[in-house]
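The next block holds one structure in the form of structure tokens; read it before the comments.
The values are calculated or read from the model by the stated rules, or taken from the named source; none is laboratory data. In this text the structure is predicted, and so the values were computed from the model without any measurement. In this analysis, Cβ positions are derived from the backbone assuming ideal geometry, glycine residues included, and neighbour counts consider all displayed protein chains.
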Amino acid sequence: MVIMKILFAVLIVISGIFYVMYLWDFALVLFVVMLAMPVFMFIFGYTAKKRIKVEFSLKDRSVMKNQEFPVKLNIENESIFPIGKAEAVVEYYNVFNNQIHSFRLLLPIQAKNDQSVSFRISSKFCGIVKIRCAYINIFDPLRLFKFKVGKNTGTEIAVVPEGHDISGTVSYTDRINEESNKFSDIQSGDDPSEVFDLRGYIAGDKLNRIHWKLSSKKDEFIVKEYSMPVDVPSVIFLNLRCYEDSEYTLPVFDTLMETFISISKFMLENERIHNVIYFNENQGFFTERTISDTNELSEVVSELIFSISDNLYCEQPEMYFAENPTLSFSSFTFVTSAPNTDILSYINDSVDADFKNAIVVVKNYDESKTENIYGEMREIPVVIGRISNSIKDIEL
């Protein structure tokens, strides 16, 4: 573009010399036209700039990580001037780190027309991916002037973490939610408020379980099998507080989220309704959500990701325990990235639960080689990206 400006300036000088040396009408017209051309080109570009609108559109508001998703850059030109060549610079980044990826798109922009250009991107880690148009350069036909449009226009999408297979045991205890009416579909229990199944009498069955009215009609003893409550007070406490700002921040956050999803899915597969507790910065307090199926889990994950600030700010978990000093659970699982802290000792000593686990995300295998120093609580180190290999035989 600089070369074009120099070349055009030279042409203006030449036409001026031509007009001075030859006092013809043609020389005057040529000189006036050469002087007017830059003005016309500026008006051309400036008018187009004011009449061009830029926006992004996404097919979905959330996608799985490592999955490519389409993005459309929509450009609407309401002016009568076409742009032969426009240069768009698109940037995208995960808000939980500072690594910005960018690329350029070259495209014409037709007059009085709407057009779109599509591209596909993906994210290696979960979180919020922001996509923005740094700018779009448009030029006049002679490329004398450059104008920027669509600067910092953007959108965002939630990149959802993946779940991993883990092994363990979901135990049934005497702690149940007495107000709940949710029972197992595959396993009988001892709750007389709901009949799970009817079967023939087997030696050793309790007499109070015989269905006398039905037995009199069948001429044989029919026994009632009671139901197994699945709505027991089981909690996953997700501590997303960032204890270290480094290259590991995003991988640690990603592993924290995937650990939570893996444990939650494992509990759902074993018919265990449970709650998750996390700090919601948008609301400014700890939020507790019940998860009874995979749809609710997906909703919670999306809400959780959008509730986190760019700096991963999270209140100290001690605040929640100070506000709720009398906690009682069937199982309590604390997911964090800070090992050997006072909060783990507090959970071990003060939280009333039949099964207590502390899932601690660590950077490497060396940090995972720690002895369990807690009596009632089991500490399970999880190496970044190695969830299935780290969580084995967990008891919930």
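I want to confirm something. Restricting to the stretch 68-81 and keeping residues that are polar (S, T, N, Q) and modelled with pLDDT of 90 or more, which single residue is surrounded by the fewest Cβ atoms within 10 Å (Cβ to Cβ)?
For the stretch 68-81, the residue satisfying everything is 74.
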Failed condition for residue 90, given (1) touching a Gly at 6+ places or on another chain (Cβ under 7 Å); (2) closer than 30 Å to residue 385 by Cα | (1)
Looking at the stretch 82-115, which of the residues that are buried (at least 20 other Cβ atoms within 10 Å of the Cβ) and at pLDDT below 90 is farthest from residue 64 (Cα to Cα)?
-> 83
Please work out which one of (1) in contact with a strand residue (DSSP E or B) (Cβ under 7 Å, 6 or more places away or on another chain); (2) crowded, with 17+ Cβ neighbours inside 10 Å is the condition residue 118 fails and give its number.
-> (2)
Residues in the stretch 42-53: is at least one exposed (fewer than 13 other Cβ atoms within 10 Å of the Cβ) and either in contact (Cβ under 8 Å) with a residue 60 or more places away in the chain or over 35 Å from the mean Cα position of the chain (by Cα) (or both)?
-> yes
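Do any strands (runs of 3 or more DSSP E) entirely within the stretch 206-294 hold 1 or more residues that are modelled with pLDDT under 90, within 24 Å of residue 382 (Cβ to Cβ) and in contact with a Ser or Thr (Cβ under 8 Å, 6 or more places away or on another chain), and if so, which?
Working: elements: 222-229, 231-238, 273-280, 285-291.
The strands (runs of 3 or more DSSP E) meeting that bar are 231-238, 273-280, 285-291.
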Check whether at least one residue in the stretch 305-317 is part of a helix (DSSP H, G or I) and under 20 Å from residue 129 (Cα atoms), and report yes or no.
-> yes
Where residues in the stretch 314-355 are small (Gly, Ala, Ser) and in contact (Cβ under 8 Å) with a residue 24 or more places away in the chain, which of them is nearest to residue 276 (Cα to Cα)?
-> 331
Candidates 121, 131, 166, 136, filtered to the one that is at pLDDT 85 or above and more than 30 Å from residue 78 (Cα to Cα) = 166
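Scan 269, 258, 288, 296 and give me the residue that is among the charged types (D, E, K, R), at negative phi and crowded, with 18+ Cβ neighbours inside 10 Å.
Working: 269 fails: crowded, with 18+ Cβ neighbours inside 10 Å; 288 fails: crowded, with 18+ Cβ neighbours inside 10 Å; 296 fails: crowded, with 18+ Cβ neighbours inside 10 Å.
Only one candidate qualifies: 258.
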The strands (runs of 3 or more DSSP E) lying wholly within the stretch 44-131 that contain at least 3 residues that are small (Gly, Ala, Ser) are 83-94
